[in-house]
Amino acid sequence: MKSYLVILSLSLLLAGAGAASGADLLTHMDVGPNDLVVLQGSNAVEAMSLDCNQEPRSMPTGFYRQYPDGTVSPDRFRIPEGAYLVITDVDWVYRGQVQGAGETRTLEIFRENMSFTQRSEAFRAAMVLDRNGIGANTEAMTSGFVVSSEARICVDVGPHLTGQDQEVLHPVILRGYLLGRPNLTIPIPPIPIPGEPK
């Protein structure tokens, strides 16, 4: 009898370890901590006509995932096959050689199908620049928008100035969460019951 109690205690400890590791924890978004996503645009993002078609099967704006330990993935972010990325928040900073305050710039985010290169606009937000041609904005969406693993994210800002070196869109930070990603769980061995065959 004591041996079965020991096995039961060990099994409960393993189950607790699995929960503590984040496998069963849920955040305020009702998803696990590993499914929360923060993407940052690369330093090379320029506010010009960013055509996703020019670089097949990649995000030309260079979104890289940030991790909870402070590190950043060296590889461009890819939505796992069969999963969905829900974008809920967008931060962006614009710097351009604009004279005088009151100029307006609009950020646009598109979903582009990687097979057919068809795109649809999913997000649009405007800001008013200061006298130095600088503006920053944070958008928290009510419902957000969804991007599947069959699409990539493209960004653009307008109206454009003449010359690509006169304006910069950096950083662009996207926040959201993944849905439909396979969950990793710790298998718990079955507990034998006295009197039942093994």
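Computed values, structure above
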{"item": "Search result, residues across segment 89-141 that are of a type in the set (Asp, Glu) and closer than 21 Å to residue 78 by Cβ", "result": "89, 112"}
{"item": "Residue pairs meeting the criteria (Cβ under 9 Å; at least 6 apart or on separate chains; first without any contact (Cβ under 8 Å) to a residue 12 or more places away in the chain, in segment 70-83; second exposed (fewer than 14 other Cβ atoms within 10 Å of the Cβ))", "result": "73/67"}
{"item": "Selection status of residue 49, at pLDDT below 85 and either over 27 Å from residue 180 (Cα atoms) or part of a strand (DSSP E or B) (or both)", "result": "yes"}
{"item": "Boolean, residue 127 is at pLDDT 90 or above and either in contact with a strand residue (DSSP E or B) (Cβ under 9 Å, 6 or more places away or on another chain) or aliphatic (A, V, I, L, M) (or both)", "result": "yes"}
{"item": "Residues of segment 128-148 classified as farther than 13 Å from residue 94 by Cα and surrounded by 14 or more Cβ atoms within 10 Å (Cβ to Cβ), total", "result": "7"}
{"item": "Condition check for residue 136: modelled with pLDDT of 90 or more and in contact with a Ser or Thr (Cβ under 8 Å, 6 or more places away or on another chain)", "result": "no"}
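The values are calculated or read from the model by the stated rules, or taken from the named source; none is laboratory data. Since this is a predicted model, take the numbers as computed values, not measurements. Neighbour counts are summed over all protein chains in view; Cβ atoms, including those assigned to glycine, are modelled from backbone coordinates with ideal geometry.
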